[in-house]
Amino acid sequence: MNTEIEFSIRRATLEDVPSIRSVLYAVRREYGVLWEIGANDPELDDLASNYFRRGGHFEVIENMAQRIVGCAGLYPSTSRRAELGKMYLEFSARGRGLGRRLLENMLAAARQNGFAEVWLETSSSLIGAITLYRQFGFEPDVSAALTHHCDAAYLLRLE
């Protein structure tokens, strides 16, 4: 099975937002992580302002039918730190190295933009994602002020 043929990764466009939202909600439902399910997600509602115009990066994964099955985004939270967010893969796209490729792309973008750290918050129920983050060197950030919908934070120092 050649993942390169079956799936492609590209930069997200504003037209992708409804499909990105569908991926996020499907994965959250699957894991019982039901925050922000509704019509609005401020980060996604204005993808251009929240990612692209701030020097961020957002990618999607499409299958052969050009249906979006995964995504990840990165944006600056300070001059030295980027935040990784919205990294989700539908069940059909897992186990093929796509999450690894997305994360590699996000970290390359962080390095290219001169960030010293990448931070993320997540739910401890997303064990596969946390395992991937740890494989890349992310360490728990116990000092983080967590939001109501995330109970874990991780930090990767790039320097």
Exercise for review: State which residue pairs qualify: first residue touching a residue at least 24 places away in the same chain (Cβ under 8 Å) and farther than 22 Å from Gly114 by Cα and inside the range 60-76, second residue among the polar types (S, T, N, Q) and surrounded by fewer than 24 Cβ atoms within 10 Å (Cβ to Cβ) in any location, beta carbons under 7 Å apart, and separation of 6 or more residues or different chains.
Suggested key: Glu62/Ser8; Ile68/Ser19; Val69/Asn63; Val69/Ser92
Review point. Which of (1) at pLDDT below 90; (2) closer than 18 Å to Arg21 by Cβ does Gly70 not meet, given it meets every other one?
Key: (1)
Practice item. For the range 100-159, name all the residues that are more than 25 Å from Ala12 (Cα to Cα), modelled with pLDDT of 95 or more and in contact with a Gly (Cβ under 9 Å, 6 or more places away or on another chain). Key: Arg157
Review point. Out of the residues in the range 46-85 that are among the aromatic types (Phe, Trp, Tyr) and not in a strand (DSSP E or B), which is nearest to the chain's Cα centre (by Cα)?
Key: Tyr51
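The values are calculated or read from the model by the stated rules, or taken from the named source; none is laboratory data. What you see is a predicted model; the values in this text were computed from it and never measured. Please note: Cβ atoms are built from the backbone with ideal geometry, for glycine as well, and neighbour counts cover all protein chains shown.
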